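A quick write-up on the structure given underneath.
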Amino acid sequence: MNQPIITTILSSFEEATDIKTITFRYPGKITPGQFYMIWIPGVDEVPMSVSSIKQDVKGITFRNIGDATQALYRLRKGDQIGVRGPYGNGFTLTGKRPLFVGGGTGIGMLAPLVEQARRKKLKSTVILGVKTKDELFFEDRFQQIGATVLVSTDDGSVGYQGFASELAKDIIKKERIDAVYTCGPEQMMRSLLSFCKTILFQASLERYMKCAIGICGQCCIGRGLRVCVDGPIFDGTTLKKVQDFGVYRRDAAGRKIPF
Ligand SMILES: Cc1cc2nc3c(=O)[nH]c(=O)nc-3n(C[C@H](O)[C@H](O)[C@H](O)COP(=O)(O)OP(=O)(O)OC[C@H]3O[C@@H](n4cnc5c(N)ncnc54)[C@H](O)[C@@H]3O)c2cc1C
Ligand code: FES
């Protein structure tokens, strides 16, 4: 499990500006919220959450932001990557009236969880928060799953003008939401947590990772929680005690980078 398996890219699709989904053959189970380590030969190995789960074929959805993701973005159908995992804990879908809040690239990994909610026949609402219209993706996919989809943009180019967390605050009250699942910018997730006093809350965190198996300590948050094995999904009770949540992350050298 901790050695990458070389596999072939089966499809590569541009979802929006600088956002792509690639699929590859990789048998085995994975729970929504878990992630793979994706090795781009000769470049780097980076963590990526699963965004599509179909028997032997899995998918990831990512933003072209740096060396590894730029190289991954350039790969096409038929090219090879290394995959190891799955790693991490995944979401636990409890509650009867869930709200899913995705911000930016964090939207992608919520899709398999919303599919799981549909299989459980839960009435789901999804908020997709992006900076501007051109960055919006998966709106159709969530509608096809049967969820109620609401969009927020920072610039008001489509949907609600403002932050996804502000829109969520209204929906939580109006729709009697009893569980919030989120992935996106940490400040957004921190703000969401502040509205979820009695509501179940689970958030997916990102930290710079090296081993992904709990050995190197690179991804630690709070008082020694390792995002790769104790997370990446953390509940609200835990996150309230993590002083760096929504405040800073660390780079490859361990330096603090404020959000
Ligand atoms: C558990 C987990 C799951 C992830 N799932 C996804 C996913 O599904 N889709 C996706 O697009 N990305 C995901 N990421 C983030 C992804 O791994 C990074 O974007 C990637 O490592 C960047 O590598 P790079 O070499 O392209 O960029 P780099 O050259 O390393 O960095 C480019 C810029 O992005 C910043 N950056 C790098 N990593 C992060 C990060 N983790 N958080 C915030 N800023 C960062 C850097 O500081 C720098 O400014 C996930 C991360 C984790 C820990
Ligand atoms: S990445 Fe090494 S402990 Fe998490």
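Listed values, structure above:
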| item | result |
| --- | --- |
| With 10 Å bins from 0: P(r) over the stretch 53-167, alpha-carbon pairs, percent | 12, 38, 35, 15, 0 |
| Isotropically averaged projected area of the stretch 98-258, using the convex hull of Cα atoms (one quarter of hull area), nm² | 9.6 |
| Restraint check, LYS120/LYS173; LYS133/LYS256; LYS54/LYS120; LYS58/LYS121; LYS29/LYS58, Cα-Cα greater than 20 Å | LYS120/LYS173; LYS133/LYS256; LYS58/LYS121 |
| Rg/Rg_ref, the stretch 5-87, where Rg_ref = 2.2 N^0.38 Å and atoms are Cα | 0.97 |
| Ordering of 147-159, 78-90 by packing [mean C-beta count within 10 Å, highest first] | 78-90, 147-159 |
| Unit charges on C-beta of K, R, D, E only; dipole of the stretch 98-258, Debye | 620 |
| No Cys partner within the rule (Cβ under 4.7 Å), the chain | CYS183, CYS196, CYS219, CYS220, CYS228 |
| Given charges at Cβ of Lys, Arg, Asp, Glu: the chain dipole, positive-most of THR69, VAL158, GLN116 | GLN116 |
| Alpha carbon convex hull of the stretch 102-192, volume per residue in cubic angstrom | 83 |
| About the Cα centre, charge dipole magnitude for the stretch 66-132 (Lys/Arg +1, Asp/Glu -1 at Cβ), debye | 440 |
| Expected-Rg normalisation [2.2 N^0.38 Å, Cα atoms] applied to the stretch 76-131 | 1.42 |
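Each value in this text was obtained by applying a stated rule to the coordinates, not by laboratory testing. These numbers come from a predicted model, not from an experiment. Neighbour counts run over all protein chains shown; Cβ positions are idealised from the backbone, glycine included.
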